[in-house]
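The values are calculated or read from the model by the stated rules, or taken from the named source; none is laboratory data. Keep in mind it's a predicted model, so treat the numbers as computed, not measured. Heads up, the Cβs are rebuilt from the backbone with ideal geometry, glycines too, and the neighbour counts pull from every protein chain shown.
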Amino acid sequence: MKKAKINKIINFSNVDGPGNRMSIFFQGCNYNCLYCHNPETINLCNSCGVCVTSCPVGALSLAGSKICWESKICIDCGRCTELCVLDSTPKTMDYSVGELLEEIKKVRGFIRGITVSGGEATLNYEFITELFIEVKKLGLTTFVDTNGSLDLQKDIYSEFVEVTDKFMVDMKVWDEKTHNGLVGSGNLLVRKNVEFLGDLGKLHEVRTVVVPGLLDNIETVDEVSRLIGEINSKNKIDGDIIYKLIKYRQIGVRKEILDKELNGIKTPADQLMEELSEIARGNGVEKVVII
Ligand code: SF4
Ligand code: SF4
């Protein structure tokens, strides 16, 4: 039975889509953003064993060539992930669709739906398709939080798109070259996905992290909100798509990056966030959320 590597499960989240939701974070990402606040989700652990002796409570061990993590005795001190040079963690669990469904059923009465996130959840699109087919039978809604890097218009993703109620897509920066420098690939596909999902009525939210001093936030918010505004007016669903402007925060960001590329970069002031919000509203986005 196929299993997926899960970094963590939050039973009740109110920031990952509408209502109370279970959020499932998949391990592994195809981006490597400078300001990633959970960099330990980027790579899959290669069981090198380097972190085993760092654990103060003996929750880590090597069984042959495989790392083992005992969640019941882990005190969540974070030492193992801090020292992993691979941007990974030994603290993942392998779940089959059936095992995840058992977890979902435990909280089913208290949640409106499931959101999959990461890492980059869509790298597990086949697994998620299978999961969402079952989740919908439970009467729950299905949301995907994504960096928009897969070409969702391709036939191989059609069932995945079909079974997903709504997507939340990151638009990190508008300028193609800057995007390439930031994450290691361009953003034309991300823009294409925003239009495609918007036209399908499956775009719940677009997100941009505001990082003054590193990115041209004004250009990005102006262009992205224009795009959302166009989708809104074309589909006559004015105000339906949320544009979430997220303040960059240092918490969780890799120390070596804070000391180098992001040295001196601070959380943006409320005034800048308000100015950006005004730009977005002026371009036809009614629902602008600042967090
Ligand atoms: S986070 Fe858990 S597994 Fe990792 S070092 Fe700390 S106690 Fe050990
Ligand atoms: S988490 Fe990192 S250091 Fe620990 S075993 Fe995996 S790859 Fe090695």
> Which condition number does Ser96 fail, the rest of (1) over 26 Å from Ile246 (Cβ atoms); (2) polar (S, T, N, Q); (3) under 18 Å from the mean Cα position of the chain (by Cα) being met?
Replying inline: (3)
>> Which numbered condition in (1) in a helix (DSSP H, G or I); (2) crowded, with 17+ Cβ neighbours inside 10 Å is the only one that Val285 fails?
In response: (1)
> Within the stretch 89-121, can you find the residues that are touching a helix residue (DSSP H, G or I) at 6+ places or on another chain (Cβ under 6 Å) and within 16 Å of ligand 1 (Cβ to nearest atom)?
Replying inline: Thr89, Pro90
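Here are some residues: Leu272, Leu214. Which one is touching a Pro at 6+ places or on another chain (Cβ under 7 Å), among the hydrophobic types (A, V, I, L, M, F, W, C) and under 30 Å from Asp87 (Cβ atoms)? Walk me through how you get there before you give the answer.
Numbers: Leu214 fails: touching a Pro at 6+ places or on another chain (Cβ under 7 Å).
Sole residue among the options that is touching a Pro at 6+ places or on another chain (Cβ under 7 Å), among the hydrophobic types (A, V, I, L, M, F, W, C) and under 30 Å from Asp87 (Cβ atoms): Leu272.
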>> Can you find, within the stretch 148-187, the residue that is surrounded by the fewest Cβ atoms within 10 Å (Cβ to Cβ) among those that are in contact with a helix residue (DSSP H, G or I) (Cβ under 7 Å, 6 or more places away or on another chain) and of a type in the set (S, T, N, Q)?
In response: Gln153
>> Need pairs with beta-carbon distance below 9 Å; first residue more than 16 Å from Asp165 (Cβ to Cβ) and at pLDDT 95 or above and within the stretch 186-200, second in a helix (DSSP H, G or I) and of a type in the set (A, V, I, L, M); sequence gap 6+ or separate chains.
In response: Arg191/Val224; Arg191/Leu227; Val194/Val224; Val194/Leu227; Val194/Ile228; Val194/Ile231; Glu195/Leu227; Glu195/Ile231
> Can you list the strands (runs of 3 or more DSSP E) found entirely within the stretch 1-100 that contain at least 1 residues being out of contact with any Asp or Glu (no Cβ under 8 Å at 6 or more places or on another chain) and within 25 Å of Thr141 (Cβ to Cβ)?
Replying inline: 3-13, 21-26, 93-96
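Does Cys84 satisfy the criteria of being within 16 Å of ligand 1 (Cβ to nearest atom) and over 30 Å from His179 (Cβ atoms)?
On the way: within 16 Å of ligand 1 (Cβ to nearest atom): yes; over 30 Å from His179 (Cβ atoms): no.
It is false that Cys84 is within 16 Å of ligand 1 (Cβ to nearest atom) and over 30 Å from His179 (Cβ atoms).
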>> surrounded by 14 or more Cβ atoms within 10 Å (Cβ to Cβ), among the β-branched types (Val, Ile, Thr) and at pLDDT 95 or above: is that true of Ile67 in this structure?
In response: yes
>> Can you list residue pairs whose Cβ atoms sit under 7 Å apart, with the first residue in the stretch 263-279 being at pLDDT 95 or above and the second being polar (S, T, N, Q) and assigned to a helix (DSSP H, G or I)? Count only pairs 6 or more apart in sequence or on different chains.
In response: Leu276/Asn217; Ile279/Ser225
> Pick from Asn193, Asn235: which is crowded, with 20+ Cβ neighbours inside 10 Å and not acidic (Asp, Glu)?
Replying inline: Asn193
> Taking into account only those residues within the stretch 82-116 that are surrounded by fewer than 21 Cβ atoms within 10 Å (Cβ to Cβ) and within 16 Å of ligand 2 (Cβ to nearest atom), which is nearest to Ile9 (Cα to Cα)?
Replying inline: Met93
> Mind checking which residues of the stretch 127-162 are under 25 Å from Cys36 (Cα atoms) and acidic (Asp, Glu)?
Replying inline: Asp145, Asp151
> Do we find a residue being more than 18 Å from the chain's Cα centre (by Cα), at negative phi and either buried (at least 16 other Cβ atoms within 10 Å of the Cβ) or of a type in the set (Val, Ile, Thr) (or both) anywhere in the stretch 29-36?
Replying inline: no
